[in-house]
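Trainee: This structure is in structure tokens; I'll ask about it shortly.
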Amino acid sequence: MLGSLFVLILPLGIFFAITATVVLRYPDSDALHVAAFLVALILASAAQLLVFEWKIVPNVIALERFRELLADQERGARLLVRRDLELTRANDQLRKLDETKSSFISVVAHQLRTPLSGIKWTLNLLINGDMGTLTAEQRTFLIKAYESNDRMISLVNDMLGADRIESGKVRYFFQSVPLSEVIDEVLFELLPQAKARGVSITFASKPTHPTKVHADPTKLRAVFQNLLENSVKYSQEGGSIEVSLVPRGTEEVEVSIKDDGIGIPKEQQKNIFDRFFRATNAVKLETDGSGLGLFIVKSIVERHGGMIWFESEENRGVTFHFTLPLEREPRAKEKAAA
């Protein structure tokens, strides 16, 4: 306020100060009075110009800078809009490429499955002697061919399964599932393979009462088959596998599958759930494999609302943990209404 008042009266003050001084000192000299008037006017005008420069020009400069800032913001906004359009187009192209890829995988896999199934059926007839008697050597080679063909069928099925999971085309049918029964069924199927390698499988911890989970039984079997088959496959001769079920409150159950096999190298653990990834030590021990099993397992567990993780050290085994939602007990009112 005082500064603004000072700025306003400064030119007037200069004008009156000069003229008053000259008039008072030389009261009889009209020429000096006129000269003083002109000098005072010039100095007052100069002061007014300085005030204009101090107060107006800086404001004009600030306004110009503000306009430049607005122009920069407009250019930035246009650039963002352009980038957004480019990203949208790129995303559309990627989606189309993904659809083309999925269609290609689906067609190729289905085309492969038919002849592979035919080969499997023919080899089975030959091995069983339905096409004539075989020598021991012939039967051995045919069994190897049958096993290789079976692995190819499994690979094709895994590729189809992984592609359906990634494209969101897998349908789930949730229901009440007795967890221990599913595990027992899978273990029964894997028992011959485990015995052949001298691997023992035990329940380290099992609930005393039946544990039922809210799950798709077919997908749940796939989880246990993948994890337990890996444990058997990568265990040392005479190794052991422990399975445990531990309820976590009333909401979920934690499943653990522990083996003392080859483990996972530390530097490769971050990639273990990636599609087509296999650890180097696993490839050396077992050349066959798609690298899709753990990707499928993780997708299924997460689709059920659970989590999966692991602990491992190379040559000291691995323990996979995952959670599943328990079946919710009906409330007292719901029971009474039923």
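Trainee: If we count other beta carbons within 10 Å of each Cβ, what is the order of 85, 126, fewest first?
Mentor: 85, 126
Trainee: Given the pairs 212/233; 206/258; 233/266, which are separated by over 22 angstrom at their Cα positions?
Mentor: Beyond 22 Å between Cα atoms: 212/233.
Trainee: Still on this model: Under a 5 Å amide H to amide H cut-off, with H placed in plane at 1.01 Å, what residues pair with residue 216 once short-range neighbours are removed?
Mentor: Close amide H contacts, sequence-distant or interchain: 175.
Trainee: Show me, for the range 308-313, the HN-Hα J-couplings you get by feeding each phi into the Karplus relation (A = 6.51, B = -1.76, C = 1.60, θ = phi - 60°), rounded to Hz, glycine and proline as x.
Mentor: Working through the residues one at a time gives 9, 8, 8, 10, 7, 9 Hz.
Trainee: Strictly over 25 Å apart at the Cα level, which of 219/284; 96/270; 195/284; 195/298 would you flag in this model?
Mentor: Checking Cα-Cα distances, 219/284; 96/270; 195/298 exceed 25 Å.
Trainee: Among 65, 275, 139, which comes first, second and so on when ranked by fewest other beta-carbon atoms within 10 Å?
Mentor: 65, 139, 275
Trainee: If you don't mind, another one. How are the C-alpha pair distances of the range 175-325 spread across 5 Å bins, as whole percents from the shortest bin up?
Mentor: Here the calculated profile for the range 175-325 is 2, 9, 19, 24, 21, 15, 7, 2, 0.
Trainee: When DSSP assigns beta bridges and you keep just the ones with both residues in the range 175-325, what percent turn out antiparallel, to the nearest 5?
Mentor: Among the beta bridges of the range 175-325, antiparallel pairing accounts for roughly 85 percent.
Trainee: Taking the beta-carbon count within 10 Å as an exposure proxy, list 216, 84 from fewest neighbours to most.
Mentor: Listed from fewest to most nearby Cβ atoms, that is 84, 216.
Trainee: In addition: Please work out the FRET efficiency for the pair residue 153 and residue 205, using the Cβ-Cβ distance as r and a Förster radius of 30 Å; give the result to the nearest 0.05.
Mentor: 0.25
Where a number appears in this text, it was derived from the coordinates with a stated rule and is not lab data. These numbers come from a predicted model, not from an experiment. Here the Cβ is made from the backbone with ideal geometry for all residues, glycine too, and neighbour counts use every protein chain on show.
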